[in-house]
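Following: one structure in structure tokens, then a few remarks.
The values are calculated or read from the model by the stated rules, or taken from the named source; none is laboratory data. This structure is a prediction, so every number in the text was calculated from the model and none was measured. Positions of Cβ are backbone-derived with ideal geometry, glycine not excepted, and every protein chain shown enters the neighbour counts.
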Amino acid sequence: MTINIVSLDHLVLTVASIDSTVDFYTRILGMEKVDFANKRIALRFGQQKINLHQAGGELQPRASRPLPGSADICLLTGAPLADVLAHLNAHHIPVIEGPVERTGANGKLLAVYIRDPDQNLIEIANVID
């Protein structure tokens with residue numbers, strides 16, 4: 001028997017400030033804030049979500065060493081990368097690198113890299129043929 005993993009449902013980010021993180025991911029990346037049980041907060045996009053844990057108040061079970069700023073995430077967008085760059089520039093979000101070609105899970109990507117409020121590395125990419 002094998003375990004057949006088919007997709008990612010959610011991931012968890014440990015953050016220094018839930019409010020700052022929600023502001024960045026909703027205002028800059030267009031995600032939707034979701035309030036759910038026990039005053040927990042998530043960010044929904046597509047059919048996935050990012051659950052947020054406040055540093056020092058992480059829920060159990062949790063990663064063995066949760067730290068703000070330790071994530072490296074690639075997010076796919078349907079918007080042209082030129083529009084993404086214009087949006088980031090309009091919001092004074094510095095681009096660390098890109099556009100550059102990378103290899104994604106299903107082929108080539110054209111990507112730019114930014115940092116969120118905790119200094120997590122966020123890759124925003126278009127799938128290219």
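Brief remarks on what is shown
- Single unsatisfied condition, Q54 versus (1) surrounded by 11 or more Cβ atoms within 10 Å (Cβ to Cβ); (2) over 17 Å from the mean Cα position of the chain (by Cα); (3) more than 21 Å from L8 (Cβ to Cβ); (4) not aromatic (F, W, Y): (2)
- Among strands (runs of 3 or more DSSP E) entirely within the stretch 74-129, having at least 1 residues that are in contact (Cβ under 8 Å) with a residue 40 or more places away in the chain and over 22 Å from H10 (Cβ atoms) singles out 121-127.
- Residue count, the stretch 105-116 (criterion: within 15 Å of the chain's Cα centre (by Cα) and surrounded by fewer than 18 Cβ atoms within 10 Å (Cβ to Cβ)): 1
- Residue in the stretch 36-46 that is in contact (Cβ under 8 Å) with a residue 24 or more places away in the chain and either part of a helix (DSSP H, G or I) or in contact with a Leu (Cβ under 9 Å, 6 or more places away or on another chain) (or both) present: yes
For (1) surrounded by fewer than 16 Cβ atoms within 10 Å (Cβ to Cβ); (2) modelled with pLDDT under 95; (3) closer than 20 Å to N126 by Cα; (4) in contact with a Cys (Cβ under 6 Å, 6 or more places away or on another chain), each residue gets a yes or a no:
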{"residue": "L11", "(1), (2), (3), (4)": "yes, no, no, no"}
{"residue": "S17", "(1), (2), (3), (4)": "yes, no, no, no"}
{"residue": "N38", "(1), (2), (3), (4)": "yes, yes, no, no"}
{"residue": "P94", "(1), (2), (3), (4)": "yes, no, yes, no"}
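- In the stretch 1-32, the residues that are within 26 Å of S64 (Cα to Cα) and assigned to a strand (DSSP E or B): H10, L11, V12, L13, T14, V15
- Screening E58 on (1) closer than 19 Å to A125 by Cα; (2) outside any helix (DSSP H, G or I) shows it passes everything except condition (1).
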